[in-house]
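In what follows, a single structure is set out as structure tokens and then discussed.
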Amino acid sequence: MRRLVILLLLSLTICFSSFAQTVRVGILNGPSCVPLAQMMNKKSNYSFSQYADPQALLPKLLKKEVDCGFLPVNVAAKVYNSSSKALVLLAVSGNGNIKLITSDASVKQFSDLIGKTLYVAGQGATPDYITRYLLAQNDIKTEGKDGIELSFSVPTPQLAAQLISGKIAYVVVPEPFSTVALSKSDKVIAAIDYQEEYRLYKGANADFPLTVLVATREFAENAGDSLDKFLKDYEKSYKWTLKHAVQAGNICEENNLGLAADIVTKAIPVSNYVYIPAQEARANIEDFLKILLDFSPESVGGKLPEADFYYAKTNP
């Protein structure tokens, strides 16, 4: 009897410690953290640390000082391939929200830009690769008089201001930068939506993922119910954010997440926030990573990740 009591108490202790485990979440200042607004506004077993960019967050994940975090999908794949499968992809948190914006109302399609210079946010980043892919699908070169020249000479935070001032004319940016430009000038329009353009070639249900939620493999394999609870809470927070854009904007500004409240509020409806568990998202992720492999194999670590890159719930 005494042995049974001891075993029962031990099992209860393990159970309660699992539920009480603090999940350390690394967030990037900017749009990817917006769906966490509700979670950050509540007392919980989650601790949040902020980072300026993926390069600042990655070492914390690899050193296991952070359990979960948000990364561009190709960065997550590259780290998986180059660091002994150190990361596991939990879910897609943001699909394509990239747009071509301009004050030139005559632009309806890519061919209208032949002979022009297109300023793109971030060389070697997703806007660069997806632009090259879409231009290739339209049989448009990225050099020469009969093509479209791509320029990466303007830092991403300055693109909207230079477009509004007339220093540049055609810009490719993700949210919330397009919302910033549209909100500050009634002359700026979103001429081409990349997600819609992508579906012309990949199918009506195709999406290209931009941002994913990842975890260290050690945490994913040992956290048990703590991780599954975190994912459920994140999904609830994401849904709440879509319904309460004003409140979410205020929370983001109050927590100094790098975005003004009014911009967050305006950007939420067009930012394509989603919650798609890894197994459900795998086909779309692989389709997109194959595109990146064609243009820049090193951007994803030289190959597609294996099946164990995609998290499967411990209690399906």
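State which residue is farthest from V107 (Cα to Cα) when the search covers only the stretch 149-172 and only residues that are hydrophobic (A, V, I, L, M, F, W, C) and assigned to a helix (DSSP H, G or I). My answer is A161. The single condition among (1) of a type in the set (A, V, I, L, M, F, W, C); (2) under 22 Å from P174 (Cβ atoms); (3) part of a strand (DSSP E or B) that A215 does not satisfy is (2). Taken over the stretch 48-83, the criterion of being more than 18 Å from E306 (Cα to Cα) and aromatic (F, W, Y) is satisfied by F48, Y51, F70.
Yes or no, residue by residue, for (1) part of a helix (DSSP H, G or I); (2) modelled with pLDDT of 95 or more:
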{"site": "L36", "(1), (2)": "yes, no"}
{"site": "Q55", "(1), (2)": "yes, no"}
{"site": "L61", "(1), (2)": "yes, yes"}
{"site": "E65", "(1), (2)": "no, yes"}
{"site": "F70", "(1), (2)": "no, yes"}
{"site": "A77", "(1), (2)": "yes, yes"}
{"site": "Y80", "(1), (2)": "yes, yes"}
{"site": "L90", "(1), (2)": "no, yes"}
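Check L210, L259 and return the single one that is in a loop (DSSP other than H, G, I, E, B), buried (at least 18 other Cβ atoms within 10 Å of the Cβ) and either of a type in the set (F, W, Y) or in contact with a Pro (Cβ under 9 Å, 6 or more places away or on another chain) (or both).
Values: L210 fails: in a loop (DSSP other than H, G, I, E, B).
Of L210, L259, the one residue that is in a loop (DSSP other than H, G, I, E, B), buried (at least 18 other Cβ atoms within 10 Å of the Cβ) and either of a type in the set (F, W, Y) or in contact with a Pro (Cβ under 9 Å, 6 or more places away or on another chain) (or both) is L259.
Of all the numbered requirements in (1) surrounded by 16 or more Cβ atoms within 10 Å (Cβ to Cβ); (2) assigned to a helix (DSSP H, G or I), A283 misses one, and that requirement is (1). Counting only residues that are open to solvent by less than 10 Å² (accessible area, probe 1.4 Å) and of a type in the set (A, V, I, L, M, F, W, C), the stretch 169-182 holds 4 of them.
Can you name the residue in the stretch 173-201 that is part of a helix (DSSP H, G or I) and farther than 20 Å from A125 by Cβ and, of all such residues, is farthest from the chain's Cα centre (by Cα)? Ranking the qualifying residues of the stretch 173-201, first place goes to K184. Restricting T131, T102 to residues that are in contact with a helix residue (DSSP H, G or I) (Cβ under 9 Å, 6 or more places away or on another chain), polar (S, T, N, Q), within 27 Å of G302 (Cβ to Cβ) and open to solvent by less than 10 Å² (accessible area, probe 1.4 Å) narrows the list to T131.
Here's the yes/no breakdown for (1) aromatic (F, W, Y); (2) touching a Ser or Thr at 6+ places or on another chain (Cβ under 6 Å); (3) free of Cβ contacts under 8 Å to residues at least 40 places away in the same chain:
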| site | (1), (2), (3) |
| --- | --- |
| F70 | yes, yes, no |
| V75 | no, no, yes |
| K85 | no, no, no |
| T126 | no, no, no |
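Note on the stretch 102-124: among residues that are part of a loop (DSSP other than H, G, I, E, B) and in contact (Cβ under 8 Å) with a residue 60 or more places away in the chain, the one that is nearest to K167 (Cα to Cα) is S103. For the subset of the stretch 256-282 comprising residues that are in contact with an Asp or Glu (Cβ under 6 Å, 6 or more places away or on another chain) and of a type outside the set (A, V, I, L, M), which member is modelled with the lowest pLDDT? Of everything passing the filter in the stretch 256-282, S271 is modelled with the lowest pLDDT. Looking for something at pLDDT below 95, not in a helix (DSSP H, G or I) and not hydroxyl-bearing (S, T, Y) - is there at least one such residue anywhere in the stretch 243-255? Taking every residue of the stretch 243-255 in turn, at least one turns out to be at pLDDT below 95, not in a helix (DSSP H, G or I) and not hydroxyl-bearing (S, T, Y).
Only residues that are out of contact with any Asp or Glu (no Cβ under 8 Å at 6 or more places or on another chain) and open to solvent by less than 10 Å² (accessible area, probe 1.4 Å): list them for the stretch 232-250, please. Reasoning before the result, please.
Of the residues in the stretch 232-250, the ones out of contact with any Asp or Glu (no Cβ under 8 Å at 6 or more places or on another chain) are 232-248, 250.
Scanning the stretch 232-250 gives Y234, S237, T241, A248.
Residue pairs whose Cβ atoms lie under 8 Å apart, separated by 6 or more positions or on different chains, with the first residue in the stretch 144-157 and closer than 21 Å to V180 by Cα and touching a residue at least 12 places away in the same chain (Cβ under 8 Å) and the second assigned to a loop (DSSP other than H, G, I, E, B) and open to solvent by 90 Å² or more (accessible area, probe 1.4 Å), are F152/Q123.
Please determine, by comparing only the residues of the stretch 135-148 that are open to solvent by less than 60 Å² (accessible area, probe 1.4 Å) and not in a helix (DSSP H, G or I), which one is farthest from R199 (Cα to Cα).
G144
The values are calculated or read from the model by the stated rules, or taken from the named source; none is laboratory data. All figures in this text were calculated on a predicted structure; none of them were measured in a lab. Cβ sites come from the backbone with ideal geometry, for glycine too, and all protein chains shown count toward neighbours. Protein only, heavy atoms only, side chains kept; ligands, DNA and RNA dropped before computing areas. Shrake-Rupley method; radii C 1.70, N 1.55, O 1.52, S 1.80 Å.
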